[in-house]
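The values are calculated or read from the model by the stated rules, or taken from the named source; none is laboratory data. Source: prediction; values computed, not measured. Heads up, the Cβs are rebuilt from the backbone with ideal geometry, glycines too, and the neighbour counts pull from every protein chain shown.
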Amino acid sequence: MTAKQILKSMTLEDKARQLTQFNSLLYNPNNMMTITGPKSDLGITDEDIEGSGSGIYYYGDDEIHRVQNGKLTHKIPLLFMVDIIHGSETIYPIPLAMGATFDPTLMKECAAMAAREAKAIGIDVTFAPMVDFVRDARWGRVMESTGEDVYLNCLFAKAQVEGFQSEGLVSCVKHFAAYGAPEGGVDYNAVDVSEWTLREKYLPAYKAAIDAGAKMVMTSFNSLNGVPSVANKRLVKGILRDEWGFDGIVISDYNAFRELISHGVAKDEKECAYKAMQATIDIEMLSACYIHSLKDLIREGKITETQVDEAVLRVLKLKEELGLLDKTYTPTTKTKEEIEAYKKSRILTEEHRALARKAAEKSAVLLKNDGLLPLDKESVKSVAVIGPFGDTGEILGAWRAFGDNDKAVKVTDGLKNLLPNAVVRYAKGVDADIPYVTATELDKPLRVNEAELDEAVRLASSSDVVVLTLGETQNDVGEGNSKQNLELSEPQKILLEKVAAANPNTVAVIFSGRPLVLTEAERIARASLLVWHPGTEGGNAIANLLFGEATPQGKLTMSFPKSTGQCPLHYDTFQTGRPQQDDNVRIGCTASYIDGSRLPLYPFGYGLSYTTFAYDKLRLSESVLHRGKSIVASIDIKNTGNREGTETVQLYVRDLYASVVRPVRELKGFKKVTLSAGEEKTIEFEIDEEMLKFYNADLERVAEDGDFEIYVGGDSGCKTCVRFRLES
Ligand code: GLC
């Protein structure tokens with residue numbers, strides 16, 4: 001039957017259930033939760049569950065297929081949805097790390113790999129990519145984003161959607177909209193941005209995902225300019241559907257319907273359902289406002305059955321497109337053995353591990369190196385691995401889906417794999433705990449275990465080199481993990497001081513899901529390598545990077561602050577009427593802090609290599625750009641070191657004078673180039689009118705005549721600059 005035929009056969013109860021998504025536990029015949037469990041909280045019945053349109057959090061195809069075929073007589077097959085954010089079982093680095101590769105092609109390959117693994121176990125939809133524009137590292141979910149630049153985010157949004165959907169996994173882009181700008185960096189907090197900033201910075205990446213073919217959109221928890229997204233008709237119906245023409249499924253976030261009551265914009269579930277339907281939200285995740293209220297709302301004339309039918313048809317059409325409505329559809333006829341063999345051929349294969357390893361190598365960012373790195377495989381006979389991340393598989397990242405920490409390659413494993421003849425020993429030194437403020441106790445003072453610390457120092461002093469692992473755990477970042485202090489914990493600072501004093505040949509290897517304040521590592525360690533949460537192959541990638549089997553090439557896509565107080569910190573700032581004159585001198589009445597620097601410790605676009613690059617002769621084909629035409633910016637880049645390296649050459653543009661203030665610079669292009677020692681190349685960028693456009697005060701997208709500067713270099717602080725004019 002077609003979607004329209006099925007719709008005709010549905011009762012209003014069927015329709016409300018089809019628009020509702022429950023947790024897998026409620027479906028699973030083996031552990032149907034008793035009515036006293038969440039079902040009573042949700043106020044639903046077995047019929048509601050049997051008629052629901054989709055399930056969430058399924059882990060394992062046999063469970064899925066049993067449900068489709070099993071006890072629950074689903075008249076219409078379910079859609080199964082899970083957060084496959086950066087891998088399904090083969091976990092690649094977190095998206096903030098993937099952004100640092102400046103390699104959308106690699107991103108697409110990894111997303112396709114994740115999709116193959118998810119489809120192998122019956123998943124239909126991933127709640128990804130998350131394309132929220134971010135500037136505040138205190139917000140734990142920056143780890144899911146690709147950072148603070150809208151141009152880059154759009155490229156990665158497109159790459160992920162294309163990657164996922166190239167293997168048949170439906171992409172649900174999220175969180176619409178502007179979830180990445182919560183007040184104070186506190187998750188779920190209110191977002192208040194002007195329409196001008198919303199359109200300039202926060203909306204483009206969602207649009208890029210939709211233009212790339214994303215079939216679903218998830219609304220965000222936050223209120224945006226006073227209205228929570230689930231109830232935001234102007235945002236969802238007005239912009240997403242009417243202005244952008246999106247006619248796919250819109251799904252809420254987890255229980256976000258009912259949370260309208262907590263937001264204080266709905267008095268009961270019926271009003272939640274009313275506002276969501278008016279906003280054209282199709283699927284209600286993990287609550288039952290539609291089930292409880294649609295019938296009454298229609299009887300009261302507040303909504304029409306046509307509105308409900310439009311929503312149901314969008315859900316059924318996706319099922320039709322995926323073949324779930326075909327009369328020949330059967331979830332599986334495979335035997336359990338056949339399913340296992342099929343999974344084995346598609347999941348955690350050596351090919352997938354190799355891709356995850358490559359991504360981990362390319363996303364790592366070399367922050368400091370006085371020449372200690374790369375280490376020499378032949379001369380290093382003993383390696384001390386120290387710190388709370390050195391001997392654990394808990395390096396996958398916050399959104400690790402089906403990833404198994406026990407299947408991850410630990411740092412110690414990776415080093416032993418690479419250095420079969422060296423002695424690799426481990427000492428934790430300190431825990432990775434951070435002080436928690438709880439409702440019942442003040443900050444719990446973190447105590448250092450002196451015996452463990454002494455053991456680590458002894459190991460450091462008796463080894464050739466020290467790999468000192470520091471940072472934040474994968475469970476202290478991501479959803480609900482906002483921080484007010486981005487510094488390393490006090491115990492980790494103590495460990496760093498003591499270990500580096502015991503053995504100067506100490507390299508800091510930083511694990512994190514966000515920008516941290518790394519001033520101590522910068523001051524104390526001879527070298528510092530940021531590996532993020534690198535995923536299943538982390539240990540092998542880190543060993544390869546430390547010993548030069550791979551050369552670091554990652555570039556930061558978020559500014560790393562010198563102090564938490566600088567947050568939100570981003571490179572594309574406005575000059576203001578009183579620009580700071582000198583970051584090292586206190587000059588009153590300027591856009592600066594009186595008690596600290598305004599500049600990042602490491603700027604957007606920053607990342608070192610084991611070689612060095614020199615830029616020269618930045619030049620333009622013409623000094624005037626006429627509308628409709630283009631000019632070419634060229635620059636010579638030379639590898640001035642003694643080994644091959646890959647540089648991401650970045651192009652920034654500054655509009656010197658316009659009808660609204662314009663950022664001091666904005667990324668408008670980049671090219672990765674690999675050069676052997678001594679090799680020199682000319683890199684060219686085409687400059688056209690499109691890259692000069694912005695929203696003016698009337699929210700028109702324009703490029704205005706005037707003077708512009710082009711900056712080209714290895715990070716957003718590059719000084720090499722030329723000017724040109726745009727003329728009509
Ligand atoms: C979570 C997240 C969202 C995720 C959803 C389903 O609360 O906000 O990103 O897709 O629930 O897991």
What pairs come out if I take residues in the stretch 218-234 that are within 18 Å of TRP244 (Cα to Cα) and pair them with residues that are away from the ligand (no atom under 12 Å from the Cβ) and in a strand (DSSP E or B) whose C-beta lies under 7 Å away, six or more apart or interchain?
THR219/VAL250; ASN232/LEU224
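Return yes when ALA273 is farther than 15 Å from PHE176 by Cβ, more than 14 Å from the ligand (Cβ to nearest atom) and either at pLDDT 95 or above or not acidic (Asp, Glu) (or both) and no when it is not.
Details: farther than 15 Å from PHE176 by Cβ: yes; more than 14 Å from the ligand (Cβ to nearest atom): yes; either at pLDDT 95 or above or not acidic (Asp, Glu) (or both): yes.
Spelling it out, ALA273 is indeed farther than 15 Å from PHE176 by Cβ, more than 14 Å from the ligand (Cβ to nearest atom) and either at pLDDT 95 or above or not acidic (Asp, Glu) (or both).
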For the structure I just gave you, tell me whether GLY605 is small (Gly, Ala, Ser), assigned to a loop (DSSP other than H, G, I, E, B) and buried (at least 21 other Cβ atoms within 10 Å of the Cβ).
yes
Quick check, is ARG314 more than 16 Å from the ligand (Cβ to nearest atom) and touching a strand residue (DSSP E or B) at 6+ places or on another chain (Cβ under 6 Å)?
yes
Counting only residues that are assigned to a loop (DSSP other than H, G, I, E, B) and either without any contact (Cβ under 8 Å) to a residue 60 or more places away in the chain or exposed (fewer than 12 other Cβ atoms within 10 Å of the Cβ) (or both), how many does the stretch 610-622 have?
2
Return only the number of the condition from (1) of a type in the set (Ser, Thr, Tyr); (2) at pLDDT below 95; (3) more than 14 Å from VAL653 (Cα to Cα) that SER676 does not satisfy.
(2)
Residue pairs within 6 Å by beta carbon, gap of at least six or interchain, first lying in the stretch 647-667 and among the β-branched types (Val, Ile, Thr) and modelled with pLDDT of 95 or more, second surrounded by fewer than 23 Cβ atoms within 10 Å (Cβ to Cβ) and not in a strand (DSSP E or B), listed first then second, are VAL660/ASN696; VAL660/ALA697; VAL664/THR573; VAL664/GLN575
Considering the stretch 101-147, residues that are more than 12 Å from the chain's Cα centre (by Cα) and on the phi > 0 side of the Ramachandran plot, and then whichever is nearest to the ligand (Cβ to nearest atom), we arrive at GLY122
For ASP636, all conditions in the list (1) in contact with a helix residue (DSSP H, G or I) (Cβ under 9 Å, 6 or more places away or on another chain); (2) within 15 Å of TYR615 (Cβ to Cβ) hold save one; what is the number of the exception?
(1)
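Test ALA159 against the stated conditions and say whether it is touching a residue at least 60 places away in the same chain (Cβ under 8 Å) and either within 29 Å of LEU692 (Cβ to Cβ) or among the polar types (S, T, N, Q) (or both).
Working: touching a residue at least 60 places away in the same chain (Cβ under 8 Å): no; either within 29 Å of LEU692 (Cβ to Cβ) or among the polar types (S, T, N, Q) (or both): yes.
It is false that ALA159 is touching a residue at least 60 places away in the same chain (Cβ under 8 Å) and either within 29 Å of LEU692 (Cβ to Cβ) or among the polar types (S, T, N, Q) (or both).
Working carefully through the options VAL467, VAL477, VAL531, VAL507, find the one that is within 16 Å of the ligand (Cβ to nearest atom), of a type in the set (A, V, I, L, M) and at pLDDT 95 or above.
On the way: VAL467 fails: within 16 Å of the ligand (Cβ to nearest atom); VAL531 fails: within 16 Å of the ligand (Cβ to nearest atom); VAL507 fails: within 16 Å of the ligand (Cβ to nearest atom).
Just a single option satisfies the conditions, and that option is VAL477.
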Flag if LEU667 is part of a strand (DSSP E or B), surrounded by 14 or more Cβ atoms within 10 Å (Cβ to Cβ) and touching a Leu at 6+ places or on another chain (Cβ under 8 Å)
yes
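Could you list all residues from the stretch 258-306 that are among the hydrophobic types (A, V, I, L, M, F, W, C), in a helix (DSSP H, G or I) and within 22 Å of GLY226 (Cβ to Cβ)? Before the answer, list the steps.
First, pick out the residues of the stretch 258-306 that are among the hydrophobic types (A, V, I, L, M, F, W, C): 260-261, 265-266, 272-273, 276-277, 279, 281, 283, 285-286, 288-289, 291, 294, 297-298, 303.
If we keep only those that are in a helix (DSSP H, G or I) too, we end up with 260-261, 272-273, 276-277, 289, 291, 294, 297-298.
Hits for the stretch 258-306 are LEU260, ILE261, CYS272, ALA273, ALA276, MET277, CYS289.
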Residue check, LYS201 against (1) within 25 Å of PHE80 (Cα to Cα); (2) touching a helix residue (DSSP H, G or I) at 6+ places or on another chain (Cβ under 9 Å); (3) away from the ligand (no atom under 16 Å from the Cβ), all met but one. Which one?
(1)
Log entry, pairs with first residue in the stretch 702-728 being modelled with pLDDT under 95, second being exposed (fewer than 14 other Cβ atoms within 10 Å of the Cβ) and outside any loop (DSSP other than H, G, I, E, B), beta carbons closer than 9 Å, six or more apart or on different chains, reads THR720/ASP616; SER728/HIS626
Would you confirm whether any residue within the stretch 235-249 is under 14 Å from LYS174 (Cα atoms) and either of a type in the set (Gly, Ala, Ser) or part of a strand (DSSP E or B) (or both)?
yes
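Can GLU47 be described as at pLDDT 90 or above, among the acidic types (Asp, Glu), away from the ligand (no atom under 16 Å from the Cβ) and surrounded by fewer than 24 Cβ atoms within 10 Å (Cβ to Cβ)? Give the steps one after another, and end with the answer.
Values: at pLDDT 90 or above: no; among the acidic types (Asp, Glu): yes; away from the ligand (no atom under 16 Å from the Cβ): yes; surrounded by fewer than 24 Cβ atoms within 10 Å (Cβ to Cβ): yes.
When the stated conditions are applied, GLU47 does not pass them.
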Might you check whether a residue that is under 30 Å from the mean Cα position of the chain (by Cα) and aromatic (Phe, Trp, Tyr) occurs anywhere in the stretch 290-308?
no
Scan the stretch 68-90 and give yes if some residue there is closer than 25 Å to ALA408 by Cβ, modelled with pLDDT of 95 or more and away from the ligand (no atom under 16 Å from the Cβ), otherwise no.
yes
Subset of the stretch 189-199, residues farther than 16 Å from CYS567 by Cβ and surrounded by 20 or more Cβ atoms within 10 Å (Cβ to Cβ), comes to LEU198
Given the criterion within 16 Å of the ligand (Cβ to nearest atom) and under 17 Å from the mean Cα position of the chain (by Cα), identify the matching residue among ALA214, ALA208.
ALA214
When you go through (1) away from the ligand (no atom under 15 Å from the Cβ); (2) more than 21 Å from GLN650 (Cβ to Cβ) one by one for VAL170, which number turns out not to apply?
(1)
Within the stretch 678-706, residues being more than 26 Å from TYR202 (Cα to Cα) and in contact with a Lys or Arg (Cβ under 6 Å, 6 or more places away or on another chain) number 2
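Just give me the residues in the stretch 703-728 being assigned to a strand (DSSP E or B) and loosely packed, with under 15 Cβ neighbours inside 10 Å, in sequence order. Even if it seems obvious, please write down each step before you answer.
As a first pass, look at the stretch 703-728 and keep what is assigned to a strand (DSSP E or B): 706-713, 721-727.
Selection gives ASP707, CYS721, ARG723, ARG725, GLU727.
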Would you mind stating whether ARG241 is over 20 Å from VAL193 (Cβ atoms) and more than 16 Å from the ligand (Cβ to nearest atom)?
yes
